[in-house]
Protein chains: 2
Amino acid sequence: MEKEVRVIEVKRSIFEDNNKDADRLRQELKEKNVFLLNLMSSPGSGKTTTLLALAKALKGRVKMGVMEADIDSAVDAETMQEAGVKSIQIHTGGMCHLDADMTRQGLYEFGMDDAELIVLENVGNLVCPAEFDTGAVKNMTILSVPEGDDKPQKYPLMYETCDLLVVNKIDVLPYFDFDKDNMEKYAKLRNPNIEIIYISAKTGEGIDKLANWIEKETKNWIG
Amino acid sequence: MEKEVRVIEVKRSIFEDNNKDADRLRQELKEKNVFLLNLMSSPGSGKTTTLLALAKALKGRVKMGVMEADIDSAVDAETMQEAGVKSIQIHTGGMCHLDADMTRQGLYEFGMDDAELIVLENVGNLVCPAEFDTGAVKNMTILSVPEGDDKPQKYPLMYETCDLLVVNKIDVLPYFDFDKDNMEKYAKLRNPNIEIIYISAKTGEGIDKLANWIEKETKNWIG
């Protein structure tokens with residue numbers, strides 16, 4: 001049996017309003033010359049560790065800041081702050097995602113005059129964050145090897161909405177059954193244009209490639 | 001800055017209605033002598049692999065069935081079916097959790113006359129599933145080693161609502177920085193009564209302990 005739950009109308013109108021608001025925010029980012037990158041993944045896939053490695057790699061190349069979104073704690077923003085990266089913590093008050101208005105509140109608080117690249121670390125979740133356009137210029141998702149190669153099959157919308165798929169923790173590939181070909185097949189089925197970069201945030205492998213991608217996209221946007 | 005997003009009233013009433021409905025469902029389960037176990041975790045923590053190992057361990061001890069909830073695919077129910085475990089797939093139509101009414105629809109479709117234990121494999125997500133009481137008798141969460149020891153800090157509600165925390169993938173402990181003491185400290189801070197069992201669904205370590213816990217709880221409930 002495959003019982004489908006109907007999408008209720010109130011939800012649909014929430015999405016429509018948010019989409020318009022996200023477009024307005026992107027326009028504002030364009031005027032301010034700020035590239036906003038929305039980073040999504042499961043909990044524990046290595047978002048914060050990847051951002052720490054990126055901040056190091058991009059030093060002197062792109063002025064970078066980070067907005068950490070979380071239900072409750074301030075662990076991630078503290079970690080970034082300690083590493084010398086300008087960051088703020090956004091508490092979602094129990095919500096499992098950020099919408100465009102919440103993102104705008106964060107950006108105003110952060111200040112857009114002194115950054116070229118702001119990374120929004122979304123709540124660790126593969127479902128809701130993919131449904132709400134934050135107003136970001138590009139979307140990126142991290143899939144870590146231990147999570148398994150079937151994630152593009154199970155969370156299709158996440159892969160449809162992302163421009164870049166970063167596969168993290170490749171240093172532990174020998175210890176897991178992770179079929180790269182299978183994973184890539186389904187990711188590209190969902191999104192033929194998705195770009196894929198393999199990294200280990202822990203060992204640093206692939207971080208240069210990721211940093212180059214982000215620098216290129218940032219310069220393209222801010223002109 | 002720590003910007004709190006207000007909880008809107010409509011959400012609150014959704015929760016209240018659901019809580020009452022969940023209590024009604026538990027009553028119904030009691031009358032039907034069925035123990036419903038709600039299994040929650042991040043995507044890729046090993047829910048399905050753990051259930052496969054459990055089905056094997058509980059064979060001849062408890063009549064077990066599985067309801068797999070997913071956004072879209074039927075991968076998990078197919079896996080269970082192939083292993084000879086009675087299972088159905090519930091599609092949530094894009095929703096990131098199950099509420100009591102969706103769970104009831106699944107149970108009616110599954111049939112409650114020929115099972116003592118039904119495990120509901122909830123959508124892979126640490127936020128929304130913890131907010132919605134499914135009507136289950138007990139809640140269990142899996143935290144896999146590669147996700148990191150900070151999950152109880154970051155997703156407090158999940159740990160508050162769970163009776164049992166299963167730590168999976170302990171076979172890869174040597175390859176990750178996972179501080180057991182830190183993890184246990186925060187899990188117990190959130191929920192002093194939480195029970196913790198360490199397993200590797202892959203190697204089978206600890207599965208007997210988990211099977212014993214589930215058998216005991218099932219027999220307690222169905223009397």
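Some observations on this one:
- Highest-MSF residue in chain B out of B:148, B:111, B:46 [GNM, Cα springs under 10 Å]: B:111
- For residue B:56, inter-copy label distances in nm, listed shortest first [label point 7 Å out on the Cα-Cβ vector]: 4.1
- Close amide-amide hydrogen proximity is noted between residue B:168 and B:143, B:144, B:145, B:199, each under 5 Å apart and 5 or more residues distant or on a separate chain (H modeled in the peptide plane; Pro and chain starts excluded).
- Value of Rg to Rh for the stretch A:113-223 (Rh from inverse mean 1/r over Cα pairs, i.e. Kirkwood): 0.96
- Using the Cβ-Cβ distance between residue A:109 and residue A:16 with R0 set to 25 Å, the FRET efficiency works out to roughly 0.45.
- q = 0.17, 0.18, 0.26, 0.27 Å⁻¹: log10 I(q)/I(0) that the Debye formula gives for the stretch A:161-223, counting C-alpha atoms only: -0.69, -0.75, -1.14, -1.17
- Residue A:109 label point (Cα plus 7 Å toward Cβ) to equivalent points in the other copies: 4.0 nm, shortest first.
- Largest-first principal axis extents, alpha carbons of the protein assembly as shown, Å: 69, 47, 42
- The alpha carbon radius of gyration of chain A, expressed as a multiple of 2.2 N^0.38 Å, is 0.99.
- Highest-MSF residue in chain A out of A:43, A:174, A:156 [GNM, Cα springs under 10 Å]: A:174
- Between copies, the label points of residue B:219, set 7 Å from Cα on the Cα→Cβ line, lie 6.9 nm apart, reported in increasing order to one decimal in nanometres.
- Separation of alpha-carbon centers, the stretch B:56-82 and the stretch A:89-125, rounded to whole Å: 38 Å
- Peptide B:139-148, shielding by other chains (average Cβ, 10 Å cutoff): 3
- In this Cβ point-charge picture (+1 for Lys and Arg, -1 for Asp and Glu), the stretch A:156-223 has a dipole of about 80 debye about its Cα centre.
- Database remark: amide H of residue B:35 closer than 5 angstrom to the amide H of B:117, B:118 (H placed geometrically; neighbours at sequence offset of 5 or more, or on other chains; Pro and chain starts carry no H).
- Paramagnetic reach from residue A:189 in the stretch B:88-110 [backbone N under 19 Å; point 7 Å along Cα→Cβ]: B:89-94
- What the Cβ-Cβ distance of residue A:208 and residue B:173 gives, at R0 = 51 Å and to the nearest 0.05, is a FRET efficiency of 0.95.
- Surrounding net charge for residue A:87, when Lys and Arg each add one and Asp and Glu each subtract one, Cβ distance under 11 Å: -4
- Fluctuation leader among B:26, B:104, B:61 - chain B, Gaussian network, Cα springs under 10 angstrom: B:61
- A convex hull fitted to the Cα coordinates of the stretch B:35-97 yields 84 cubic angstrom per residue.
- Euclidean distance between Cα centres, the stretch B:169-199 to the stretch A:171-191, Å: 28 Å
- The two copies B and A are related by a rotation, and the chain B beta carbon nearest its axis, with distance in whole angstrom, is B:146, 2.
Where a number appears in this text, it was derived from the coordinates with a stated rule and is not lab data. Because the structure is a prediction, the values reported are computed rather than measured. Glycine also receives a Cβ, built like all others from the backbone with ideal geometry; neighbour counts cover every protein chain displayed.
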